[in-house]
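Step one of this worksheet: look at the structure below.
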Amino acid sequence: MNSPLNISRRTFIKATALTVGGLVIAFSIPNAKRFMLPGIPEANASEEASKLPTPNAFLRIDTDNTITVMLAHSEMGQSIWTTLPMLIAEELDVSLSNIKVMHAPAAPEYIHTAYGIQITGGSSTTWSEFDRYRQAGALTRALLVSAAAKKLGVAAESIKTENGFAISGDKKISYGDLAEAAAKLETPKTVTLKQPKDWKIIGKATKRLDGPEKINGTAIFGQDVHFDGLMTAMVARSPVFGGSVKTFDASAAKKIKGVQQVVQVPSGVAVIADNYWAAKQGRDALKIEWNLGPNAGLDSKALVSEYRKMAATQGLPAAKAGDLKLAASKATKTVEAEYVLPYLAHSPMEPLNCSVKISKDACEIWTGTQMQGTDQLAAAKILGLKPEQVTIHTLFLGGGFGRRANPAADFVSEAVQVAKAAGVPVKTVWSREDDVKGGYYRPMYLHKAKIGVDAKGLPVAWEHTAVGQSIMLGTPFEAYQIKDGVDATSVEGVADSPYIKGTPNHLVSLHTPKTGVPVLWWRSVGHSHSAFVMESLVDELAHAAKRDSLEYRRELLKDHPRHLAALNLAAEKASWGKPLPKGVFRGIAVHESFGSFVTQIAEVSVNKGEVKVHRMVCAIDCGLSVNPDSLKAQMESSISFGLGAAMQSEITFKDGMVEQSNFHDYKVMRMADMPKVEVYIVQSTEKMGGVGEPGLPPVAPAVTNAIFAATGKRIRSLPIGNQLA
């Protein structure tokens, strides 16, 4: 990463800013089309350079010395508003305080370097942009230095840069004063990135650039969008997935003060009003008869029974080795268990919303989204426009967790349909109840495992069957993610587990039922259920072998140094093996996901069936940490998110309908219940992994393993709820 960059790997686009002068820098990535969605044009340097909208690049330096960094990804709390500018600032030799940050529009230049579409997800932003953003800074600096050398009549090698100035002897010129001249220079064929020893910004704990405006309330989220003529809509949707409108009576709704229109759209009936309250009252007044469709009998308990029957049979093979039957027959002891995990909602703190303004030959959309390009394509198709005629204004996201990265572009498509039917600009708002009862969900899963161990208590025969819906089936990612009928995300963390791979005889198989429930990736995707199962099973094996949980894992993972590093650091910081306060017990779990390795150690007490988590000790090896402050914040938020899911969260169905509606019955972690959290970073030079999601998977098993240590009761289904009462 420290060698000179060969420009031919990517194509730089350099141009004078169209409106105010200055210098803009962009890249095209011709080969980044692994998941390219149909209809999204591939970036082409020569063609796109002449028609780039403004602002359009990763970095722009204006003549007034304003330095603007464009985010190809969306800021939804994970701190890329700070982390990505750090990469540019490092190479450009400017202070972060000199930088403005903006979300990029939907455009080919901003496609993901690995995924080939514009997307924020998979804990991939920092590692995927680590080179590209540094290259933008390095290239721009090289152009500015060349411009300064020409202006001062000195050799470029004699010029140094510091805090936004090119300096030669006692003379210095600001980047703004050099921007237009730099824009006219020929792009260099190579640029050299800084050596890590010279980094002044990367690797340093850095405060968030978006912190002040989010604290003082000036940050703009989708809900804050307002302009003259913008109406508000709420949509009445079928209470059962797959249902449709049979008839409706809007006469009462139209009598509500402020209600302007009632229109039918593909997803239901929309009430358009002057404001949210009028729209809600109008929607409440609608009289609708529904065709409930084929899912009217959907029932969670019945689904579990169906899944259990499936798990009794072998599914499609996802991983296989050795002679399982023979090895099982020779096992000294067998551990057998079934684990069940519920559907989960994303429930971002900011409810879904999307504002749409349609004109004769254009459409503007304001929303918080994780997939701008997909949303742009969906809107264009609905309106009969070309994708470039649809402008996406990405705003701060009040949480996403995967919900705003929907290949079906559901809430954006609906908002476009509403605005199209209404003929006026409309902000379509989902209440939290709308999304909890009618959104997308982490699939319910049932795992069944039968593990034979040898005389030392180590696994020698592991049979594992998983049952759960596919999140990739029917999406543009299906061809890449589903092989021989197996959705890789359904068995990630199991089929590729070091425990499974280390067992000489094993079979992992998968059943993929279709239930009618819309499912979507949820924070940490398949690892959100597989880590709970695997780390609970390993705890069961350790107990059966009468071994210490930590020592047993160390033996199984002896050939996996990054797992061990995270285990050992967490164990040291948690003082594993040393006495705890009376009534408090420890549980441990370690898991790899998204290229990072995380150990969580929970300290838990159980009193009259009530579980209290006192302390969580977390250790992570994610390779290089660009901003340790952000990394720690992501671990802390993962622990909070994971504890909520472990302790209380679940979505259940009865008579085809979701039984929960809001945070009073779809419970998440409350501040008063948060334990003390400690986060430690393994000093590592290994390949960089993600941090947005890997902290979550080991949370639940660490807690339930501590509960077993406290009570002897093994928790095999989530949430924990009142299972100990």
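Would you please give the residues with an amide H less than 5 Å from that of Val519, counting only those at least 5 places away or on a separate chain, with H modeled from the backbone geometry?
It is Tyr441, by chain and number.
Looking at the P(r) of region 450-550, how many percent of alpha-carbon pairs lie beyond 22 Å?
So the pairs more than 22 Å apart make up 36 percent of the total in region 450-550.
Extension gain Lys189-Ala312, at 0.36 nm per residue separation less the Cα-Cα distance, in nm?
38.2 nm
In region 519-612, which trypsin sites (Lys or Arg not before Pro) are in a loop and have at most 12 other Cβ atoms within 10 Å, using DSSP for the loop call?
Answer by residue number: Lys546, Lys558, Lys582, Lys608.
Please find the FRET efficiency linking Asp665 to Asn607, where r is the Cβ-Cβ separation and R0 is fixed at 30 Å, and quote it to the nearest 0.05.
Working from the Cβ atoms, E equals 0.80.
Specify whether the C-alpha gyration tensor of region 482-599 places it in the rounded, prolate or oblate class, a ≥ b ≥ c being the square roots of the eigenvalues: rounded for a/c under 1.5, otherwise prolate if a/b is larger than b/c and oblate if not.
Here region 482-599 falls in the prolate category.
Only helical DSSP H runs with n ≥ 4 go in: add -39500 (n - 2.57) per run for the chain, normalise by residue count and round the 222 nm mean residue ellipticity to 500 deg cm²/dmol.
-8500 deg cm²/dmol
Using DSSP to define loop residues, name the trypsin sites (Lys or Arg not before Pro) in region 620-725 whose beta-carbon has at most 14 other beta-carbon atoms within 10 Å.
Passing both the DSSP loop test and the Cβ count: Arg670, Lys687, Lys713.
Long-range amide H contacts for Val677: which residues qualify at under 5 Å (H placed 1.01 Å from N, peptide plane, sequence gap of 5 or more or a different chain)?
Amide H neighbours of Val677, under 5 Å, 5+ apart: Met616.
Asp559 to Lys360: extension gain in nm, 0.36 nm per residue of separation minus the Cα-Cα distance?
Extending this stretch completely gives an extra 65.3 nm.
Using the heavy atoms of the protein chains and a 1.4 angstrom probe, tell me the accessible area per residue for the chain in square angstrom.
The answer is 40 Å² per residue.
Using the Cα gyration tensor of region 545-641, with a ≥ b ≥ c the square roots of its eigenvalues, what is the shape: rounded (a/c below 1.5), prolate (a/b larger than b/c) or oblate (neither)?
Judged from the Cα gyration tensor, region 545-641 comes out oblate (a/c at least 1.5, b/c at or above a/b).
Can you pull the Rg over Rh of region 255-367, Cα-only, Kirkwood?
1.23
Once fully extended, how much extra length lies between Lys546 and Ala155, figured as 0.36 nm per residue of separation less the alpha-carbon to alpha-carbon distance?
133.5 nm
Strictly over 19 Å apart at the Cα level, which of Lys301/Lys654; Lys207/Lys573; Lys546/Lys608; Lys546/Lys676; Lys246/Lys654 would you flag in this model?
Violating the 19 Å Cα-Cα cut-off are Lys207/Lys573; Lys546/Lys608; Lys546/Lys676; Lys246/Lys654.
With the cut-off at 1.5 for a/c, could you classify the chain from its C-alpha gyration tensor as rounded, prolate or oblate?
Oblate is the answer for the chain, as a/c is 1.5 or above yet b/c matches or exceeds a/b.
Applying the Karplus parametrisation 6.51 cos²θ - 1.76 cosθ + 1.60 with θ = phi - 60° to the phi angles of region 66-76, what ³J(HN,Hα) value in whole Hz is obtained for each residue in order, glycine and proline being reported as x?
Values, residue by residue: 6, 10, 10, 9, 9, 8, 6, 10, 9, 8, 10 Hz.
How much FRET efficiency would the formula 1/(1 + (r/R0)^6) give for Lys246 and Ala672, where r is the Cβ-Cβ distance and R0 is 35 Å, rounded to 0.05?
0.15
For region 570-725, I need the span (max minus min coordinate) of the C-alpha atoms along each principal axis, in Å, sorted largest to smallest.
The Cα atoms of region 570-725 stretch 52, 40, 26 Å along the principal axes, largest first.
Under a crude label model (7 Å from the Cα following the beta-carbon direction), how far is Leu580 from Lys171 in nanometres?
Distance between the two pseudo-spin positions: 6.9 nm.
Check Val154: other-chain or 5+ apart residues with amide H under 5 Å from its amide H, H built from backbone geometry?
Those qualifying (amide H under 5 Å, at least 5 residues apart or on another chain) number zero.
What FRET efficiency, computed as 1/(1 + (r/R0)^6) with R0 = 22 Å and r the Cβ-Cβ distance, is obtained for Lys654 and Glu433, rounded to the nearest 0.05?
0.85
If you roll a 1.4 Å probe over the chain with all protein chains in place, what percent of the accessible area is carbon or sulfur?
Of the solvent-accessible surface of the chain, carbon and sulfur hold 52 percent.
Whole Å is fine, so just give me how far the alpha carbon centre of region 608-661 lies from that of region 524-551.
Spelled out, the Cα-based centre of one part sits 17 Å from the other.
With θ set to phi - 60°, apply the Karplus curve 6.51 cos²θ - 1.76 cosθ + 1.60 along region 333-339 and write out the HN-Hα couplings as whole Hz, x wherever there is a Gly or Pro.
Values per residue, Gly and Pro as x: 8, 10, 10, 10, 7, 10, 10 Hz.
When the Karplus curve 6.51 cos²θ - 1.76 cosθ + 1.60 is applied with θ = phi - 60°, which whole-Hz ³J(HN,Hα) does each residue of region 498-506 get, with x for Gly and Pro?
After applying 6.51 cos²θ - 1.76 cosθ + 1.60, I find x, 5, 5, 4, x, 8, x, 10, 8 Hz.
The values are calculated or read from the model by the stated rules, or taken from the named source; none is laboratory data. This is a predicted model, so every value here is computed, not measured. A quick note on method: Cβ atoms are made from the backbone with ideal geometry, for glycine too, and the neighbour counts reach across all protein chains shown. When the accessible area is computed, the model is the full protein with side chains, heavy atoms only, and any ligands, DNA or RNA have been set aside. Shrake-Rupley method; radii C 1.70, N 1.55, O 1.52, S 1.80 Å.
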